[in-house]
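Report on one structure; see the data block that follows.
The values are calculated or read from the model by the stated rules, or taken from the named source; none is laboratory data. The structure displayed is predicted, hence computed values, not measured ones. Using ideal geometry, Cβ is built from the backbone for each residue, glycine included, and neighbour counts are taken over all protein chains shown. Ligands, DNA and RNA are stripped out before the accessible areas are found, and what is left, the full protein with its side chains, is counted by its heavy atoms. Shrake-Rupley method; radii C 1.70, N 1.55, O 1.52, S 1.80 Å.
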Amino acid sequence: MTGPFTLSPLPYDADALEPTISAKTVGFHYHKHHQAYVDTLNKLVEGTRYGGMKLEEIVRATAGNHVGKEKKIFDNAGQVWNHDFYWNSLSPTRIAIDGRLKQAVERDFGNAQKLIEQLAHAGTEQFGSGWAWLVSRHGKLGVEKTPNAVSPMSQGTNCLLAIDVWEHAYYLDYQNERPKYLEAVLANLINWNFAAENLDKENHIVRAAAE
Ligand code: MN
């Protein structure tokens, strides 16, 4: 089965996130779950107007549909985008918060530890499957949680980081203990450089709109 969408390469080896996330978890998560969203999306968009659209455009065009084929397209396109974003939100090497991101975190949360606590809280409090996010709106940072395939991007908000809290993201390593997964990921794996790049993207958009 081929189609317009392909599985984006993992930005690191499957065992690179050990011991926080095992190679087994990454293998199932990437090669089974993420791949299945790509394959299903390709089947669903065949012969529709969505076949020629970019992934982000499909997510935004189908957001808010709660029934029928458009809902299925939203769910699968959303999950492809969310997983691309999630893998890039993680890093096998420790990365510190610095520069403009650090300034923004201190301004909007007080300090990095408070931001991490809010992300852990959002991920723990998300009932059932979903996501925890760091976002920016006109440069101001915020933490959000979303259910299922929904993302702040699908609602037009700039995303900086995503943490998957579907059970498939942690069950093999942490069983039912989602807070332990969140604590370990937030302490060891967050790619703060990716967050900083995404903050800069919104800053460029805001500046361009003001000129
Ligand atoms: Mn997932």
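Here are the numbers:
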read-out	value
Highest to lowest packing among 119-129, 186-196, scored as the average C-beta count within 10 Å	186-196, 119-129
R137 accessible area, assembled protein chains, probe 1.4 Å, Å²	120
Per-residue ³J(HN,Hα) for the stretch 74-81, Karplus 6.51 cos²θ - 1.76 cosθ + 1.60, θ = phi - 60°, Hz, x for Gly and Pro	4, 4, 6, 5, x, 5, 5, 5
Environment charge at H168 (Cβ cut-off 14 Å; Lys +1, Arg +1, Asp -1, Glu -1)	0
Mean separation of Cα contacts under 8 Å, 6 or more apart, over the residue count of the stretch 99-210: relative contact order %	25
Taking the convex hull of Cα positions in the stretch 23-89, its mean projected area over all directions (nm²)	4.7
Reach of K201 by Cα under 25 Å, taken over lysines that are not fewer than 8 positions away in the same chain	K54, K102, K114, K140, K145
Probe 1.4 Å - accessible area at S22, Å² to nearest ten	20
Proximal aspartates and glutamates to K71, defined as alpha-carbon separation beneath 18 angstrom and excluding residues fewer than eight positions away on the same chain	D39, E46, E56, E57
Scaled radius of gyration (Cα, divided by 2.2 N^0.38 Å) that the chain gives	1.01
Derived scalar couplings ³J(HN,Hα) [the stretch 176-187; Karplus, 6.51 cos²θ - 1.76 cosθ + 1.60; whole Hz; x for Gly, Pro]	7, 8, 4, x, 5, 4, 4, 4, 5, 4, 5, 7
For A14, net neighbour charge (Lys/Arg +1, Asp/Glu -1) across residues whose Cβ lies under 13 Å away	-1
Heavy atoms of H168: accessible area, 1.4 Å probe, square angstrom to 10	40
Length-normalised contact order of the chain in % [C-alpha pairs under 8 Å, at least 6 apart]	23
Vicinal HN-Hα couplings computed from phi for the stretch 137-151 (Karplus, 6.51 cos²θ - 1.76 cosθ + 1.60; Hz; Gly/Pro x)	10, 6, x, 8, 7, x, 10, 9, 10, 9, x, 6, 9, 6, 9
Compactness index (Cα Rg / 2.2 N^0.38 Å), the stretch 92-185	1.09
